[in-house]
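Trainee: What follows is a single structure, and I will ask about it in a moment.
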Amino acid sequence: GQLKNLNFFMADNNTLTGPIPSQFGSLTSFRRLDVENNLLTGPIPNELFGMSTLEKLILSNNSLSGTIPSLVGELNSLSDLWVSHNDLTGEIPTEIVNAFNLEVLLLNGNDFNGPIPANVDNLLELFFVDFSNNTFSGTIPPAFFSLPKLEILYFSNNTLVGTIPPSISDSPKLRDLYLDGNLLSGSIPEIVNGTLLSLGKF
């Protein structure tokens, strides 16, 4: 049988092994999967990205591999995506900007590459972003600094180039901005809102 009415599955901080079961994707009212801090392996099942009810996907600190599929943009209820400290690779699909209810996006500590998605204007709920410790390239997208709720932004330890966008001074809520460990150049824009700006390694 199936646990058709299951809404939450929380098994974080254990020593669970093996893959994440794809059968989670068949649960019609499932809202939260939290299996961080385990020993899970294999890819993130595509079936999870077809769940319109999924609100929190917490998978950090495992040994998951593979990529984030473009289907992530269909998760219209998703507020939290935590996949930090795994072995994930590839580029972040541009469709992720369609997951417009995202509040927390943690991708740090993987081997993601390519550009950081630029057209994030729809992510009006986003307040905590961590892309640090990957191999992202290209420039810093200015659109992040127009997000009305963004408070914490980590881009540390990548291979980002170009200048720091002057629009950082327009960010209404930004408190912490970490850009250390990149290949940035140019001058530091005027900071007028008390943002903590980290440009060098501690």
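The values are calculated or read from the model by the stated rules, or taken from the named source; none is laboratory data. These numbers come from a predicted model, not from an experiment. Counting neighbours? That spans all protein chains shown, and the Cβs are built from the backbone with ideal geometry, glycine included. Just the protein is used for accessible areas: all its heavy atoms, side chains included, with ligands, DNA and RNA removed. Shrake-Rupley method; radii C 1.70, N 1.55, O 1.52, S 1.80 Å.
Trainee: Per residue of segment 8-15, what does 6.51 cos²θ - 1.76 cosθ + 1.60 with θ = phi - 60° give for ³J(HN,Hα)? Whole Hz please, x for Gly and Pro, Karplus curve as stated.
Mentor: 10, 9, 10, 9, 6, 6, 9, 10
Trainee: Across the chain, where is the longest run that never hits trypsin sites (Lys or Arg not before Pro) in a DSSP loop with at most 13 other C-beta atoms within 10 Å?
Mentor: 5-172
Trainee: In nm, give the distance between the simple-model label positions of L124 and D176, each being 7 Å from the Cα along the Cα-to-Cβ direction.
Mentor: 2.7 nm
Trainee: Identify which of S132, S185, S79 has the largest mean-square fluctuation in a Gaussian network model of the chain, with springs joining Cα atoms closer than 10 Å.
Mentor: Per the Cα network of the chain with a 10 Å cutoff, S185 tops the list.
Trainee: Right, something else. Got a number for carbon plus sulfur as a percent of segment 1-140's accessible area, 1.4 Å probe?
Mentor: Solvent-exposed carbon and sulfur of segment 1-140 make up 50 percent of the total.
Trainee: When Lys and Arg each count +1 and Asp and Glu each count -1, what net charge do the other residues less than 14 Å away from F144, Cβ to Cβ, add up to?
Mentor: It works out to a net charge of -3.
Trainee: Test of understanding: extend the Cα→C-beta vector of S137 to 7 Å, then name every residue of segment 101-126 with backbone N under 14 Å from that spot.
Mentor: 112-116
Trainee: To the nearest 0.05, what FRET efficiency results for R31 and S146 with a Förster distance of 30 Å applied to their C-beta separation?
Mentor: 0.50
Trainee: When the label point is put 7 Å from the Cα of L6 along its Cα-to-beta-carbon vector, which residues of segment 60-95 have a backbone N closer than 11 Å?
Mentor: Nothing falls inside the zone, counting backbone N under 11 Å.
Trainee: Here's a follow-up. So which aspartates and glutamates pass the test for K149, namely a Cα distance under 17 Å, with those fewer than 8 places away in the same chain ruled out?
Mentor: Counting by Cα, and skipping residues close in sequence, K149 has these aspartates and glutamates nearby: D80, E103, D121, E125, D130, D170, D176.
Trainee: Which residue fluctuates the most in the chain, going by a Gaussian network model with Cα springs under 10 Å, if the choices are L71, L107, L88?
Mentor: Between L71, L107, L88, it is L71 that shows the largest mean-square fluctuation.
Trainee: Between S167 and Q23, 0.36 nm times their residue separation minus their Cα-Cα distance comes to what?
Mentor: Full-extension gain reported as 47.4 nm.
Trainee: Next up: Only sites in a loop by DSSP and with at most 12 other Cβ atoms within 10 Å count here; which GluC sites (Glu not before Pro) in segment 123-196 make the cut?
Mentor: E190
Trainee: Between beta-carbons, use under 13 Å as the cut-off and find the net charge around N13, counting Lys and Arg +1, Asp and Glu -1.
Mentor: Local net charge: -3.
Trainee: Keeping all protein chains in place, calculate the accessible area per residue for segment 80-185 (probe 1.4 angstrom), answer in Å².
Mentor: Spelled out: the 1.4 Å probe surface of segment 80-185, per residue, equals 38 Å².
Trainee: Also, quick follow-up: Roughly what would the spin-label model give for E74 and T53, points 7 Å off Cα along C-beta, in nm?
Mentor: 1.7 nm
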